[in-house]
Every structure is written in structure tokens, then in C-alpha cells.
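Only one structure is covered here, and it is reproduced in the block below.
Bear in mind that the values in this text are calculations on the coordinates, not laboratory data. Here the structure is a predicted model, which is why all the values come from computation and not from measurement. Glycine gets a Cβ as well: all are built from the backbone with ideal geometry, and neighbour counts include every protein chain shown.
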Amino acid sequence: MATTTDTGADFRTRLQEWLPKLVLSPSLAIMLVFVYGFIAFTIYLSFTDSRMLPSFGWVGWDNYDRLFRVREWNVALTNLAIFASLYIVICTLIGLTLAILLDQKIRGEGVLRPIFLYPMALSFIVTGTAWKWFLDPAIGLENTMHLWGWESFTFNWIKDREMAIYTIVIAAVWQSSGFVMAMFLAGLRGIDNEILKAAQMDGASNFQLYRRIILPQLRPAFLSAFVILSHLAIKSYDLVIALTGGGPGNATALPATFMYSYTFTRNQMGIGAASAVIMLMTIAAIMVPYLYAELREKK
Amino acid sequence: MGFLDIDNVTKSYGAVEVLHKVDIDVQEGEFLVLVGPSGCGKSTLLNMIAGLEGITSGEIRIKDRVMNGVHPSRRNIAMVFQSYALYPNMTVGKNITFGLEMHGTPKPEREKAMKDVAQLLQIEHLLDRKPGQLSGGQRQRVAMGRALVRNPDVFLFDEPLSNLDAKLRVDMRTEIKKLHHRLGTTIVYVTHDQIEAMTLSTRIAVMFNGYVQQLGTPKEIYDTPANLFVATFMGSPAMNVLKVKLEERNGVPHAVMAGADGAERALAMPNAPAAAKAYLGREVMLGIRPEAITDPEGADRNARNIQPLANTVGVTEPAGADTFVTMTLAGKDCVARMRADADVRPGQPFDFAVNMDKAVLFDIETETRIA
Amino acid sequence: MTMMKKLHMSAAVLALSTTAVAAQEVEVLHWWTSGGEAAAVGTLRDTLAAGGVGWLDMPVAGGGGSDAMTVLRARVSAGDAPTAVQMLGFSIQDWAAEGALANLDALAAEQGWADVVPAALQRFSTYEGSWVAAPVNVHSTNWVWANSALMAELGIEQPTSWEEFVAAMEAAEAAGYTALAHGGQAWQDATIFDSMVMGVGGPEFYQASMVDLDPDALGSDTMVEAFQRMETLRGFVDDNFSGRDWNLATAMVINGEALFQIMGDWAKGEFVNAGLTAGNEFQCFRVPGTEGTVTFNSDQFAMFNVTDPVAQEAQAAMASAVMSPEFQVAFNLVKGSVPARTDIPSDQFDACGQMGMAQLAEAAASGGLFGSMAHGHANPPAVQNAMYDVITAHFNGEYDAATAAAELVTAVEIAQ
Amino acid sequence: MAAASTETAIRSSNVTRVFIYLVLLLFALFYLLPFGIMLVNSLKPLSEITGGNMIALPRDWTIAPWLSAWSTAQIGVEPTGLRPYFINSIVMAVPAVVLSTVVGALNGYVLTKWHFRGATIIFGLLLFSCFIPFQIVLIPMARILGLLDIAGTTTGLILVHFVYGIGFTTLYFRNYYAAFPTELVRAAQIDGAGFFQIFWRIMLPSSGPIIAVSFIWQFTNIWNDFLFGASFASGGGAPMTVALNNLVNSSTGVREYNVHFAGAIMAAAPTLLVYIVAGRYFVRGLMAGSVKG
């Protein structure tokens, strides 16, 4: 695309050759230090006896050994599996549904769209309390239903050890599904109308139209949504802290809350770092194949 | 020594050489068309002239100045792109003068140059519009205006007409030709459309697979194609290429082949090239352009060697001015071009007249013309 | 602009941003951000201001101080530690071990801190014999808070034994009230667990299990019984307890929906704010079985190393002000706790406060004063939180009592 | 049928359309609910909240909680309300957003229009940075800020947000510019425009939608950040979220829920405003780039 240097190129050509690399290099340097340097540091810490502050006594795999003996870590991993899969699937479904519905030339789309999107703009420090109230049987939905005369209504998941993780899913879906909707909507708007017309003339029903023609074309949107949602799921922290604080008991602990707790509350930075390394590896396991496929295709 | 010298230029990406020793001298005022199918290297060559791609080996010189490694803006060239590449955020006027501004031309001069060009191209009324508000033809004119205003040594055109509809394309073609006549500038023009190549150029370079297959005037290219590729690529409908046997009969070389009925047909070639002697008794490829096969009345009066050919008519395609007739010859479909009022009927025998002056022979192995 | 000028300018900007701390000023990191207690800290600021020492406020609320501790780590890593930091129990020891804390021995000797601060508190305020922190207060955590009107209605006397306590709660439950107001958060579960361990096993057992972390004690039948008492209490808690904030639980007692709450003395502030008076509308008494002992936590201001003499002076002024009887009274009146100094007259305090001060002095003298596990004064945070995990899992029904005791042994072992 | 004449080629019956509107409205209700709860309760006196139904409308409407949260509520020892922290947040967010957007735009420009060997790998490295959990960077970041002597300053905070924003902004701009015709860049090169002139005169003026996306994304993330704000700002310079947390998360003492909700809405106001004002560019910007991955 750009010029490749000829031997003896003039100053301007050579400058233009170097400028792009020069412009990119600060970003690269920043990343190498602030991302990859820090990751390396964390990996190193996970092999040390660090407790309150980093220290550098080498302990080998001890932290990993302890980590997998801690029952809460297994709970956190199980929770992550439940949470992430439900969160990704439900967000995608709702996002896709809303996008398809909004794409039917809806009057008032301009009003509805920001309503679906706005939760992404709010942090859980802001909305956590409202959600907590809403889900609380004594003052929230259940109570309101009782006041309205539906005495048998129960909705006490947030208090239930088995069900609490699903309330986290609800709140998380509330926050991100609008964003997913926006991505699918963008994808839908990018589809050539002529293809749709052609398919209709071929006698495809609306359902077939979506299943056979439109959804396959949304593949990039599906991929982007998957990547964004999966990394949000793995990083989920505020959400749990604001809603349940990890409770009842440890029923809603996630790896991110586990890591924070061990690193900063319990002064077991070594184990915290070990859990962070596991998290990073999980993220990498999802991201690297995706990046590889995406970028190779583009080349 | 030409005005624009392309001197043994090659281009490689890594280990892959995509242009092989291209050597073209373009004279001042010449209109050179690079033509070929996509992927033949014509655009790469154009970009190398523009300075948008580096040169792996060889030299490109404009007015005897070596251009290797010279920045595109210092080559005194201008380029018209296939997509026009108008800056969407600038008005037409700004688009035209942007290059002058970048080269530090004072504002009054820029204004004057812009007015002149706008007048020349009849786009004065568009100067304050944005490219998004223009039709395809208007954009094309603006893109040319942007090139013209720079008054460059060489104009580069990269498939400038391929985004226009058929009628507009023909109009703009004429328009470009007129401009070239009027301004007498040197032009290098890339296209995959052989009609554009034929109509516009003073010389054509036919390219394929990174090689220049033939360089010559339109007539040379058309009448004496260097090889089978050039022969079939140039001209529409394409040249008929038939596998025939070359035999000497009565001291004259004849091209011998089977007719629609499987019986033998022989076309005498008294003025076959001398080299054809070596091929006697062997199979060769015979190239005959459709317009060289006619009804007897429609045959070229000046031709020295019209051979009769009795054959069965396959399909007829009236095209208004002409009628195309397909028949089977040497086991292949062979197209003849007749006057519109020629009396041919599908399935009926017909006596064709073949102008063997225009026939060419190709070696089966090397595919080069036997000359 | 010339290069020199630019350099000059940026140097000036730098100077501006750093001199702010170098003056007679203390930067204080704390999590007392709500109305009453923030106002109480305000009195400290005013005291210092009167002496010409500025106050740079650095409040970080949340997680019972854990967010503040995170921030502190970032600040220390940046080489930019605050002058003074509100801190609890073992954190002080950990920071002192890192060599991050200042030595206050000169000031302590001059003002005779060692004579007026109970030894159990000094265990946290000093490190290897040197003073590193100034204690502000003592919270005792083994209190029961009761609604007087409800007690009268149900005809309940103040229970003096575990059996009476259970009987009283049964009565409340039978009458349709919530017997025990409780919030299902790990630290609240642990707070009542402290009292159960103390109540079942007594001071020696508490010392052996919670402080010395003796595996035999942790897995003993006594511990199983303590867990069984937790199950009993769980039976008296309403269904909606999970995740409830402690002050909402207190509100249940205030509103007469619930009879008792087991909570530290900060709960008193809620009653007082609701216009109730100690001894009249509400009662306070030690968790039955723990009479004569006090489990406590103590807020202290740990002083970080500063090198600048001016800053050292400001820091000393701050430590001195914290230890002044005036501040100790003013602050603790608001906070509901009792002064860290035992030489302060109790006449300004209400009934519960006076009782608390007397019992604290008594327990300090008799060796019945113990750091609260739930509040980080019995063992280091790693162990404390490992215990939380087990206690809260058991309280929420994941383990039975015997399994919980066994899990406690394992969890403590991993955390050490 | 109305739908037939519209641009979308999908047709649906009237019954279906009623159903569609119903579903959309239900979802709108679901999305608005938490905010509605906050708004309603921020306009009630405290006694109504602790004793009543949280979804009910106020019996006594009051704006006192709002006034209190804005200017008199206790944040730490100072009864300043959220007002001063609001300004801190602006001073922090605006430069960080602008810087990361400009750098992201430049990176995207280089990666798409000046492709060179290794550029794809560099892009992959930048992209992966989006996924680093922020908790792990806290301690080493603090160390570096200390070394640079900008710990506890707004400058330091801006740097942190800038650093962890580059990945996202680069991603957005790269995908957007990948669809931007390269011929324009070539034309400008022949016209004599240099690297930066092409960027300023040709690329940037056509980047409206993606600038909006980058701005919305960055502003929301930076404005809502708590962890970095709490860790790397000193007391008086703390951003809004830290102050809000101090207001809401007080450990002991009476909880004024109405004031908390009023404060929470105030803290959310700028991001909400950004979404409402620039939101319509959001889908357009996503369409232009990000979704293409």
C-alpha cells in the first residue's frame, strides 16, 4: 500500500517512510510497559511470597497449589462458567431481537434506541443500589407485587444461594444488551436491501429471510459481540460488589472479585496474582485465536 | 530516449516477482494505454510511475530525471483514479486547488487556474458543491480537473471510466481524446477495456502475467498480434482461433480443417509469412478476425486473397449494423461478421468469403505469431 | 516560547503541586465519610487548624476500609504515602513490618500513652516496642441491642444466659416478631460468631482458636457447639436477611419489628439518631455468655514515615491531638464507641457508653479484653477472611456444624 | 401496507407490528426501571423511603435531597456536596478522552494507510491491551506514577486513562479507516500532501461518526471509573465517582438514600447527556467500522 523504500530515495520519501512508524512507536512503547510489562510483573509475582506489598521471595508453584485448594476459587470458576455463558447467550439473544424489531421501520426509534443504550453509560456504583432494592424481596419487586394484591408472588433469588448468580446475570444483561443491540443494528443497516428483495421474490418467508439470509451476514457482528461480552464477563467486578458483595455466603463470587479480595483485602498478593494469571490466560485463550483469524484474513 | 522512460523495471513482493523487465519509452505528447486483464500488473506499473509503489530494479525517468525514490508530489505528475478519489470533505473548488495549495502556489494564482480548468471542463457551476452531491460524470470531470490544474508533465489515468454507465463512458472517452488533442499532454492510461485502449491510444502496451506482451500502435496490435493472448484479448468479438493443419497444395500453403459436416475445407494462404514454410505438415493455430469472414458481396474490395468457404450456418445474431453468424469450423464455434442485410439463415448452407490477408498463424507450442 | 521559558514554567508547576504537602499540613486517609462520624473527624481537623496545621482530606469509603487499604497500597507504591491513615488491627502491624510507619516513641513517652492505653490495644499500636499509631477509640462488638417496648410487651427480662436468650427469642417469634435482626454479610455473620465462640468456650478457648489459631481448638467439639449456636441464631433470623446492611437491621429493632440485634456499639448511633435514649427506649447488654469479657476493635491513626521536619512536626501535632482527652471524648460521643484512653471521666456518655467504659476497664484489668476476629483484631486479614468464608458458608446452610469446624481448620491452614 | 413502501424490504402484517411495538415497549420499561426507581426515590423525604414502597410516587415531593447532594452533603470531613468533584472529573476526563482519541486516530491511520511489515502484529498487541483486568495494574502503575513524580495528581490520572484507552480507540479508528478509500490517500500524496497534512485535511474531516464512537466510549469509561480514580487521585482532586462512593458507601451512620440517589443521578448526568446527544452517531459509527471486527 505505502511506498517501499528505493535505494537512494529522496529525503521526503524516506521521511514519509519513517513517520508512520515514528507515530506508532509511542503507543507501542506504552503498551509494552503498561500492559505487557505489568502482565510479566504479575506472572512473576504469582511465583513469589508477596503478601501485602510485592516481595520477591521465590516460592515456585506454591501459590497455584494453594489457589486450587481454596474452595472459594472453585466456586468462583463455576460461577464464571454459569454467569458468562448465560450472560453472553441472553445478551446476544435480546440484543439481536431488539435490533431486528427496531429495524422494522419503527416509529419512535429515535426515542427507544437511547433508552436501550443508556445503561451502558452508567456505572454500577450508580445503579447498584437501585438494582439491589429492586431485587430485594422486602422492598422491591416482590413487595410491590404483594402490595398490588398478588400475595403469592415470590422473587427472592438474590437471597437464595442457588439463584443469586442469576440476579447478577439479570443486572449484567440489563447493562450490556443495549450495546449489543447497537452492534447488531449497525450490522443490519449495513446489509444490502437488494439481496433481501431478491430473496423475497424467491418466496422466502420473513423467518426464512432472517435465518437464511440475514443472520449469516451478521457474522462479524456476532464475533464482535462475543469478544466484547466475554471480556466483560471475565472482568465483571463492580456488578457483583454492588449487588451481592459476593453473597449470600460466597455464592456469587467471581474470579475478579476473588482476585481483588486476595490481593488487597486478605494480603495474599501471591495467590491473587496467581488467580490473575489464570484469568489472563483464559482471556488469551479466547482472544488470541480470534485475533489471529481476524488479522490474518485482513492481511 | 523518450519523455517518460520505463527502463527494465521489475517489481517484486518478497520473493515473488510481479512485473518482469518492463521496458517502454513514451514520447512527449503520446497517449500510452496499458491494457490487460486484472492482475496483469498494469496498475502496479502505473503506481510505480506515480511513485506510489517502489521500484525493485530498473529505472523510471521523466524528462531524463531519474524518478526512483522521488516522492510522488515531486514527480510533476497528476493522476486520475478509478474511484475519482475526490476528498469528500472539500468542495469541488477546494478539491481542484488542493494540490496547488500543497505546492505553495499563492491563492490568486490558484483561483485563476481553477477558473480556467473549470471552464475547460464546463464545471464552473459545480465549484461550491461537495463531491457527494455530484453525479458520476461530474465527479469524473472534477477528478480530471484536479489533474489538469497542476499542469503536469505526465498524466496518469487509472481505469477512470470503469465506474460510469455505458453511454457516459463513451462520451467521456471522446472528451478525454479531445482534451489530449487540445492540450497535447503525455498520458499513461490504464484500462482493462480493449475498446478504450484502441480508441484512445497512440500506442498500446498489452500486459499479461507481469509481462508486456506487445507494445505497438493500435493497428499493429490489432492486425499483427504478437501472440495468441494479444490476439484474443484485443478485439470484440474475439478473434477466431482454429487449430488447422498447414499443407502445401499446388506450391501454396493451405490451412486445412474440418467444416460443420466433418468434410475437409482448405483455405489457401499464398502470402503466408516465410516462416510458415517450417510448419508445413504440422498443426498450427489459425487466427481470423470475425470481420474477415463475410458474405461474398460484403468482402473487402481491396483484399488480394479472398477464399470461398462453404459451410453450414449455426446461429445468427442480428446486432443492428452487423449480423454475427456462428458456424462450426475445425470443431469449434467460429464467428463471422456480415452486413445486416446478408441473407443467412440458421441451418442453411452458405458460401462465406474469408479475407486471408488478415489471417495470422500461431505456433501451437509457444503461442507466438509465426512471422 | 523559548525552551528555557518552557522549562521554567513546568518547574514552577511541579513546585506548586508538591509544596502543598510540604507545608504544615497532614494528609489523612480514612473511611469516615458519613454525616456523624465525618463531623467527628471534623473536630480533629478544627483542633489542628487552631494549631496552624492544615488538613488534606482523603476519604475512601467502602468495604469497611478495604478500598481505603487498596488505595493506601497504591499510594505507598508510588512513594507518596499519606501522613496518617485510619487503620485497623493487624494492618498496622503489617505496615510497620514493611518499615513504612513512623516512630512516635518520643511523643508517647512525653504524654505517657503507655499508662492510659490498655495493653490489648497497645498490642496493635506498637510494633516491636515502638509506638507507630495513635488509637482513637475502642469499639466493643459483643453487644446485644434490644427494643425496650417489645421486651415489655413480651414480658422479657434482660437474659443472663444463653438459654434465657434463646427463650426470649422464642417468645418474640411466637408473638410474630422477628427475633433477631441480622444482615447476611460476611462480617456481620462473623461478628456474632465471635460472641458464640467466646460464649461457648470462654476466654482461653477464644485465645487458642481465634488468636493462636491452634488447629486442635479450631476443630474441637467446642467449636462445633459454637457453630451449632450459629444455627440456632439462624433460626431466629427472618428469611430476607441476606445482604442486608447492618443499619437496616438496626432499624428493624428501632421500628419494633425485631427484638434483638447483635452488633458493635456503632449501632447506638442509629438509635440516638432516631431520637431514642439508651436505657429507656432501647437496651444494651453483653451477649449472654460473654459477660465479663469484651471483644473489641479499635480505630487507630497509623502514622507514615515522613522525612521533611515540617511535616514531622505536623504529624506529631496530629498524633497529639488524636490522643488528647478532648478529642477522644468528642469523637466517641458521636461514634458510639468508648475512648481508647481509660483515664477519661465517663459522665458525658449515656448509659450504654458508661457501661461500656466501665466494662472495658474491668476487662482490661482482668485479662478479658480480646481483639475481635470479625474486625481484624485477632488474626491477620488472610486468616480472618478465610474464617469469614467458612462462617458465612455455614450460616447460609452450606455446611453442618461438624463440617464447618473441619473446614475452618483447613481454611486457616491454607491461609497461613 | 405501510411497510411495503419503506426502505426495508421486510414486510409484516399489522398484527405483527402491534406485537413488535408491545415487545419494544416492554423492554423499554425494563431498561428504564432502575433509573426510574432512582429518580422517584430521590424526590422523596427519607422517612417515606425507609417506611414505604420504593416504586410508589412521592407523597411529599421535595428537591432537598438534590440540593444536599450537590452542595451540602458530607464527603469526608467537608460538607461540600458533589460540586467540586464534578469539576475534578471534567478536568480529568476531557484531556484523557481527547488525547486517547487523537492517538487512536493516528494509530488507526498508520495501521491502515501506511501498512508496513509487522503492523498487524503491533495492532494485535494494542488490541489485547483492551482485555487486561485493571486490578492487576494497580500496584505497578502506582510505582511508575511515583517514579514520574505525578502520583496523586490529575496529570497522573489522565495518563492512566490515556494509556488504557489507546487500545480501544485504535481498534475503532483502524476498523473505520480500513473502509476508507486508500485512493484518497494516494491522490493526496500526488497532490503533495505530507503524512500529517493527509491526516488533518483528508482523514480527520471525514471521521465524524467514529470520533463520536470513540468519544462516547472513552468518556463513559473514564467518567465512570472508580478504581483508578480512588487509587491515583489525592483527596481534593478525586473524581466524581470516588466522591459519590464516599457519599453512598459510608461504613457506619445513617444512610440518606434519597440523597444517595440524587447524587447518583448527578454523577450519571454527563454520560447520559453524551449518550442522548451523540448517541445517534453511535450506531452510525459502529456501522462504519467496529462491527466489521
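Top mean-square fluctuation among B:L52, B:L183, B:L32, Gaussian network model of chain B, C-alpha springs under 10 Å? Answer for the Gaussian network model of chain B: B:L183. Need one word for the range B:170-269: rounded, prolate or oblate. Basis is the Cα gyration tensor (sqrt eigenvalues a ≥ b ≥ c); a/c below 1.5 gives rounded, then a/b vs b/c decides. Prolate. According to the Cα-based calculation, Rg over Rh for the range C:164-222 is 1.10, with Rh computed by the Kirkwood formula. Between C:A167, C:A386, C:A190, the GNM of chain C built on Cα springs shorter than 10 angstrom shows C:A167 fluctuating the most. Applying the criteria of a DSSP loop state and at most 16 other Cβ atoms within 10 Å to the chymotrypsin sites (Phe, Trp or Tyr not before Pro) of the range A:123-154 yields A:W148, A:W150, A:F153. Bridgeable lysines around C:K335 (alpha carbons under 30 Å apart, same-chain partners fewer than 8 residues away excluded): A:K132, C:K268, D:K44.
Stokes-Einstein diffusion for chain B, with the hydrodynamic radius set to the Kirkwood value over Cα pairs and evaluated at 20 °C in a medium of 1.002 mPa s, equals 93 µm²/s. Applying a threshold of 28 Å to the alpha-carbon distances of B:K42/B:K63; B:K177/B:K243; B:K178/B:K358; B:K94/B:K177 flags B:K177/B:K243; B:K178/B:K358 as lying beyond it. Spacing of the modelled spin labels on C:D245 and A:W61, each 7 Å from Cα toward Cβ, amounts to 4.6 nm. Pairs over the 28 Å Cα-Cα cut-off, from the set B:K130/B:K167; B:K11/B:K277; A:K105/A:K235: B:K11/B:K277; A:K105/A:K235. Per-residue Cβ neighbour counts within 10 Å put D:F282, A:F41 in the sequence A:F41, D:F282, beginning with the fewest. Computed over chain A, relative contact order equals 29 percent, with contacts defined as Cα pairs under 8 Å that lie 6+ residues apart.
Seen through its C-alpha gyration tensor, with square-root eigenvalues sorted a ≥ b ≥ c, the range B:110-208 comes out oblate because a/c lies at 1.5 or above while a/b is not bigger than b/c.
Over the range D:83-292, the reciprocal of the mean inverse Cα-Cα separation, the Kirkwood hydrodynamic radius, stands at 18.7 Å. In the range D:82-182, Cα pairs under 8 Å separated by at least six residues give a relative contact order of 55 percent. Cβ-to-Cβ counts within 10 Å put C:T178, C:T47 in ascending order as C:T47, C:T178, the fewest first. Per residue, the average separation of C-alpha pairs within less than 8 Å and at least 6 apart gives the range B:4-227 a relative contact order of 30 percent. Oblate is the label for the range A:71-298, because a/c, from the alpha-carbon gyration tensor with a ≥ b ≥ c as root eigenvalues, is 1.5 or above and a/b does not exceed b/c.
Over 17 Å apart: what share of the alpha carbon pairs of the range A:43-102 falls there, rounded to a whole percent? Percent of Cα pairs beyond 17 Å in the range A:43-102: 62. The loop-placed GluC sites (Glu not before Pro) in the range C:59-132, going by DSSP, that have at most 15 neighbouring Cβ atoms within 10 Å of their Cβ come out as C:E98, C:E128. Angle of helix D:119-128 to the longest C-alpha principal axis of chain D, folded into 0 to 90 degrees and rounded to 10: 10°.
By the count of neighbouring beta-carbon atoms within 10 Å, fewest first, D:L227, C:L154 end up ordered C:L154, D:L227. Three semi-axes describe the equivalent ellipsoid of the protein assembly as shown; taken as square roots of 5 times the Cα gyration tensor eigenvalues and ordered largest first, they are 83, 34, 28 Å.
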